[in-house]
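The values are calculated or read from the model by the stated rules, or taken from the named source; none is laboratory data. The structure displayed is predicted, hence computed values, not measured ones. Cβ placement follows ideal geometry from the backbone for every residue including glycine, while neighbour counts extend to all protein chains displayed.
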């Protein structure tokens, strides 16, 4: 791996963790696309899972007093089931398909709220979110907008939303590491970055998460939610354009 690529990954880890630390989303979406630009698909999934596991895990630790634990445990159970299903199917997207999915996933934010009556604080809905979000995460690499649909009707405040979503994503990223990492262990050339890149990118991710939490404390609930849809939409449009370029 070239020094330029390594520097790109480390800086991206910091910036995307910062973005997620503020809005509780979008960082993973940006990171997945960035990794897919410079790494093979399977290596991008594993690298994304490792970095996002740290970013989300650290964010969950920082805001642990705000985690809605009943939601988390139900999500974790269903997440394990979804990982088993995807592992059995053996799905692996090509780069054009991956960018297509990365472009379509953010558009879920525009699904009318009246169409879906989902609330993660209800046990059946938390289980459904764990299964669907993890399955999509293992197919497209990210699933934040789908996860949001399950939180938009809850009575959680911004700190609880960020903390609980971060904690749930720890399980989704663990599933990604297991499902895509196991085959790479037997490969002679996996394409996964060397250990020292992770040694630098992980603390950079933690620093970005901490800085994002500092900004989050200075936002109001009113200014927090409207930005999320527009940020994701802009990212989705970019990925759809990239998919078009790869196809044609």
- Query: Do we find a residue being within 28 Å of residue 9 (Cβ to Cβ), modelled with pLDDT of 90 or more and crowded, with 20+ Cβ neighbours inside 10 Å anywhere in region 64-82?
  - Reply: yes
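Can you pull out the residues in region 41-61 that are over 13 Å from residue 141 (Cα atoms) and either without any contact (Cβ under 8 Å) to a residue 24 or more places away in the chain or surrounded by fewer than 19 Cβ atoms within 10 Å (Cβ to Cβ) (or both)?
If the condition is that a residue be over 13 Å from residue 141 (Cα atoms) and either without any contact (Cβ under 8 Å) to a residue 24 or more places away in the chain or surrounded by fewer than 19 Cβ atoms within 10 Å (Cβ to Cβ) (or both), then 61 is the only one that fits.
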- Considering residues of region 213-226 that are assigned to a helix (DSSP H, G or I) and surrounded by 14 or more Cβ atoms within 10 Å (Cβ to Cβ) only, the residue modelled with the highest pLDDT: 213
- Where residue 125 falls short, out of the listed (1) part of a helix (DSSP H, G or I); (2) closer than 20 Å to residue 51 by Cβ: (2)
- Message: Among the residues of region 115-129, are any more than 24 Å from residue 217 (Cβ to Cβ), surrounded by 20 or more Cβ atoms within 10 Å (Cβ to Cβ) and either touching a residue at least 60 places away in the same chain (Cβ under 8 Å) or touching a strand residue (DSSP E or B) at 6+ places or on another chain (Cβ under 9 Å) (or both)?
- Response: no
- Task: Kindly provide the set of residues from region 157-197 that are at pLDDT 85 or above, buried (at least 18 other Cβ atoms within 10 Å of the Cβ) and outside any helix (DSSP H, G or I), ordered by number.
- Result: 193
- Message: Of the residues 93, 106, only one is in a helix (DSSP H, G or I) and either in contact (Cβ under 8 Å) with a residue 24 or more places away in the chain or under 14 Å from the mean Cα position of the chain (by Cα) (or both); which?
- Response: 106
- Task: Run residue 22 past the list (1) surrounded by fewer than 21 Cβ atoms within 10 Å (Cβ to Cβ); (2) closer than 22 Å to residue 238 by Cα and report the number of the one that doesn't hold.
- Result: (1)
- Query: Would it be correct to say that residue 138 is out of contact with any strand residue (DSSP E or B) (no Cβ under 7 Å at 6 or more places or on another chain) and modelled with pLDDT of 90 or more?
  - Reply: yes
